[in-house]
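Only one structure is covered here, and it is reproduced in the block below.
No value in this document is a laboratory result; all are computed from the given coordinates. Because the structure is predicted, anything quoted here is derived from the model rather than measured. Because the Cβ atoms are built from the backbone with ideal geometry, glycine has one as well, and the counts that use them run over all protein chains shown.
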Ligand code: DX5
Ligand code: ZN
């Protein structure tokens with residue numbers, strides 16, 4: 001049994017067949033479903049929101065891992081919790097009162113997560129780590145799938161893994177999102193990531209979703 005979790009990002013899936021794509025991911029060995037919510041303000045793109053999470057909740061038991069790339073995410077916590085999100089991750093850069101926002105997510109029965117952009121240092125997490133269930137390291141500038149992995153992310157992942165170990169915070173997931181492929185996943189996992197988000201590496205025309213997930217696990221040195 002593997003400890004590494006793979007969370008395919010539906011941003012790279014075929015939205016016209018979203019239910020089937022999610023089922024194909026589950027059957028192909030995915031652990032979570034990653035839902036990228038963008039508002040056209042925090043990031044230069046607009047994607048999907050609450051109704052899609054609600055619709056997915058009806059068709060899958062898999063954890064729905066909602067990544068909010070939106071300004072003032074505190075306004076939307078209740079709606080995403082009601083829609084059935086299991087994890088709700090907000091950006092540190094978008095939250096003046098990050099602690100309050102994470103506590104609200106927990107009160108509403110979801111796991112709180114905090115994400116940092118490539119230019120944000122790991123040190124901003126020092127005070128907030130005990131209050132989160134997940135840290136999401138963005139390894140591309142958020143906004144689009146299919147971008148290239150930013151190599152300095154690897155050192156940041158290792159730094160955060162050390163911070164978690166030093167504080168004996170063993171239950172917190174360390175998630176990495178952006179440009180993770182067969183070429184980069186080995187370094188990402190070796191640095192200490194426990195959850196891998198993958199968009200284009202999972203949903204593409206080159207191979208089936210199941211084959212793509214199996215290849216990622218193999219390249220990570222993970223056997224399920
Ligand atoms: C980027 C999103 C990612 C993205 C990942 O802003 O947060 O989840 O869809 O896609 P890939 O794996 O193709 O970089
Ligand atoms: Zn994401």
Alpha-carbon Rg/Rh ratio, for the chain, with Rh computed the Kirkwood way:
0.93
Convex hull projection area averaged over all views, segment 110-223, Cα basis, nm²:
7.4 nm²
Rounded Å value of the spacing that divides the Cα centres of segment 124-184 and segment 1-54
18 Å
Checked segment 126-166 against the a/c 1.5 cut and the a/b vs b/c comparison, axes a ≥ b ≥ c from its Cα gyration tensor; verdict oblate
If the chain between residue 168 and residue 106 were fully extended at 0.36 nm per residue, the gain over the current Cα-Cα distance would be 20.3 nm
For segment 29-145, build the convex hull from the C-alpha positions and give me its volume per residue in Å³.
106 Å³
Three semi-axes of the equivalent ellipsoid, segment 1-87, Cα gyration tensor, whole Å, largest first:
22, 14, 13
Per the rule of 0.36 nm per residue minus the C-alpha distance, extending residue 20 to residue 183 adds in nm 55.9 nm
For segment 25-48, list residues with backbone N below 18 Å from a point placed 7 Å from the Cα of residue 59 toward its Cβ?
25-37, 48
What is the Cα coordinate range of segment 77-155 on the first, second and third principal axes, sorted by size from largest, in whole angstrom?
36, 29, 19
GNM flexibility winner over the chain from 51, 142, 151 (Cα, springs under 10 Å)
51
Taking only the alpha-carbon atoms of segment 39-108, what semi-axes of the equivalent ellipsoid follow from 5 times the gyration tensor eigenvalues under a square root, in whole Å, largest first?
20, 15, 9
For the chain, what is the calculated [θ] at 222 nm in deg cm²/dmol (nearest 500), taking -39500 (n - 2.57) for each run of four or more DSSP H residues and dividing by its residue count?
-9000 deg cm²/dmol
Where a ≥ b ≥ c are the square roots of the eigenvalues of the C-alpha gyration tensor, would you call segment 148-205 rounded, which needs a/c under 1.5, or, failing that, prolate if a/b is larger than b/c, or oblate?
prolate
